[in-house]
Amino acid sequence: MTREIPLTDAPREVLPGVHLIELPLPFSLGLINVYLVRLAEGYLLIDCGMDTEPCFQALSRAIEAVGVRWQDLCEILLTHIHPDHMGLAHRLLQLTGARLWLHEHDAEFLEKLTQFERYQAWAEGVLRQAGVTAELIAKISHVSDEIRKSFHKLKPDRLLAGGERIPAAIGELEVLWTPGHSPGHVCLYGRDRRVLFAGDQMLEDISPNIGWHEDRDPLGEFLASLDALSQIEIDLILPSHGAPFSGHREWIRKTMEHHADRCARILNLLQGTPKCAAELANQLWERPFTPFHYRFAVFEVLAHLEYMERLGKVVRVDGTDIQQWRLASAVSA
Ligand SMILES: [Zn+2]
Ligand SMILES: [Zn+2]
């Protein structure tokens with residue numbers, strides 16, 4: 001994987017009519033890239049940044065530096081509704097009058113997230129059942145309270161399903177539905193330039209977080225999305241975090257290997273005694289977590305368990321308050 005374009009502070013034109021704009025984030029990811037894309041008429045903004053004043057100021061400065069006014073922004077597309085991507089959307093929509101594009105599954109997910117008390121109670125229930133202590137759950141909920149400020153109700157003008165096309169200066173951009181990191185995650189593919197606006201689907205040095213969602217198989221969906229992406233030709237990956245890069249097939253191979261390895265380690269830990277997801281998380285990552293990251297770790301383990309349950313490799317142990325898991329072969333033994 002080669003690093004093709006160095007990171008700098010100013011917005012930079014990564015392709016004719018496509019500017020990469022870095023915005024500051026308050027947590028450990030550090031920065032988010034949003035993309036300003038020239039259309040036949042006006043501009044498209046891909047993702048918005050977090051709902052903080054430094055983020056808004058940085059975006060305002062960048063747009064001005066490119067010579068674009070707020071009213072020139074006529075389309076806003078969110079790759080997904082994580083707070084670093086959608087936080088400023090409500091403010092920008094008011095400023096610009098732009099149309100909002102969002103995948104239907106993330107619109108549904110956002111509906112749930114904005115009924116915050118209900119969502120919080122659900123998430124606490126999942127953590128309790130996964131074996132997380134009451135003390136830690138209280139700390140996690142405290143952090144989530146902070147993050148809720150970035151979730152706003154949004155009314156998309158266009159609900160995406162995948163396959164939609166946006167005419168941009170660099171040629172048509174096709175919406176690819178790539179679920180896994182979130183249920184309605186989308187990438188934009190420019191076939192003429194063989195460029196992929198990848199959202200959080202592919203990040204050069206980070207394996208995207210895959211968290212469990214009710215009634216879904218996020219890891220299975222993510223791997224299937226990667227499989228579909230490996231079939232298309234991509235010369236330039238424009239990610240939401242970190243530098244643009246290339247070599248998507250190699251990245252996909254490594255990432256699939258990473259998840260296969262994590263599955264194998266979980267199966268290994270389940271040899272002999274059943275375990276709950278929290279125990280597995282503690283043993284998989286032998287380093288201390290902040291409560292914020294611990295939540296992600298437990299949901300990530302749950303996503304791997306769900307995936308392996310559907311493959312018939314692990315099963316839930318019945319009749320326990322805290323959900324224990326064991327190897328499927330132990331059932332018939
Ligand atoms: Zn994300
Ligand atoms: Zn992100």
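The values are calculated or read from the model by the stated rules, or taken from the named source; none is laboratory data. This is a predicted model, so every value here is computed, not measured. Please note: Cβ atoms are built from the backbone with ideal geometry, for glycine as well, and neighbour counts cover all protein chains shown.
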TODO: Enumerate the pairs (first residue in the range 275-300 and polar (S, T, N, Q); second residue anywhere and assigned to a helix (DSSP H, G or I)) with beta-carbon separation below 8 Å, excluding pairs fewer than 6 apart on the same chain, so at least 6 apart or on different chains.
DONE: GLN283/LEU269; THR290/VAL143
Open item on the list: Residues to consider are VAL143, VAL186, VAL132, VAL175; find the one that is at pLDDT 95 or above, of a type in the set (A, V, I, L, M, F, W, C) and more than 17 Å from the chain's Cα centre (by Cα).
Closed with: VAL132
Open item on the list: Of all residues being small (Gly, Ala, Ser) and farther than 25 Å from HIS259 by Cβ in the range 168-188, which is nearest to ligand 2 (Cβ to nearest atom)? Just the residue, please.
Closed with: ALA168
Open item on the list: ASP51 - would you say it is in a helix (DSSP H, G or I), out of contact with any Cys (no Cβ under 7 Å at 6 or more places or on another chain), within 16 Å of ligand 1 (Cβ to nearest atom) and not aliphatic (A, V, I, L, M)?
Closed with: no
Task: Single residue of LEU95, LEU110, LEU15 found to be of a type outside the set (Phe, Trp, Tyr), within 16 Å of ligand 1 (Cβ to nearest atom) and out of contact with any Leu (no Cβ under 6 Å at 6 or more places or on another chain) - done: LEU110
TODO: All but one of (1) surrounded by fewer than 20 Cβ atoms within 10 Å (Cβ to Cβ); (2) under 26 Å from VAL34 (Cα atoms); (3) touching a residue at least 24 places away in the same chain (Cβ under 8 Å); (4) in contact with a helix residue (DSSP H, G or I) (Cβ under 7 Å, 6 or more places away or on another chain) hold for SER230, so report the exception by its number.
DONE: (3)
Task: Scan of the range 66-83 for residues that are β-branched (Val, Ile, Thr), surrounded by fewer than 20 Cβ atoms within 10 Å (Cβ to Cβ) and either within 16 Å of ligand 1 (Cβ to nearest atom) or not in a loop (DSSP other than H, G, I, E, B) (or both), ordered by number - done: VAL66
Open item on the list: The conditions are (1) within 16 Å of ASP106 (Cα to Cα); (2) among the basic types (Lys, Arg); (3) surrounded by 15 or more Cβ atoms within 10 Å (Cβ to Cβ), and LYS153 fails exactly one of them. Which is it?
Closed with: (3)
Task: Single unsatisfied condition, HIS90 versus (1) under 30 Å from ALA138 (Cβ atoms); (2) assigned to a strand (DSSP E or B) - done: (2)
TODO: Could you figure out which of (1) at pLDDT 95 or above; (2) of a type in the set (Phe, Trp, Tyr); (3) surrounded by fewer than 23 Cβ atoms within 10 Å (Cβ to Cβ) isn't true of TYR43?
DONE: (3)
Task: Yes/no for SER150 being touching a Gly at 6+ places or on another chain (Cβ under 8 Å) and among the hydroxyl-bearing types (Ser, Thr, Tyr) - done: yes
Task: Selection count, the range 142-156, where residues are under 15 Å from MET86 (Cα atoms), more than 16 Å from ligand 2 (Cβ to nearest atom) and either not in a helix (DSSP H, G or I) or not basic (Lys, Arg) (or both) - done: 5
Open item on the list: Tell me which strands (runs of 3 or more DSSP E) are completely within the range 225-333 and hold 3 or more residues being under 17 Å from MET202 (Cα atoms) and in contact with a Pro (Cβ under 7 Å, 6 or more places away or on another chain), or say none if there are none.
Closed with: 236-239
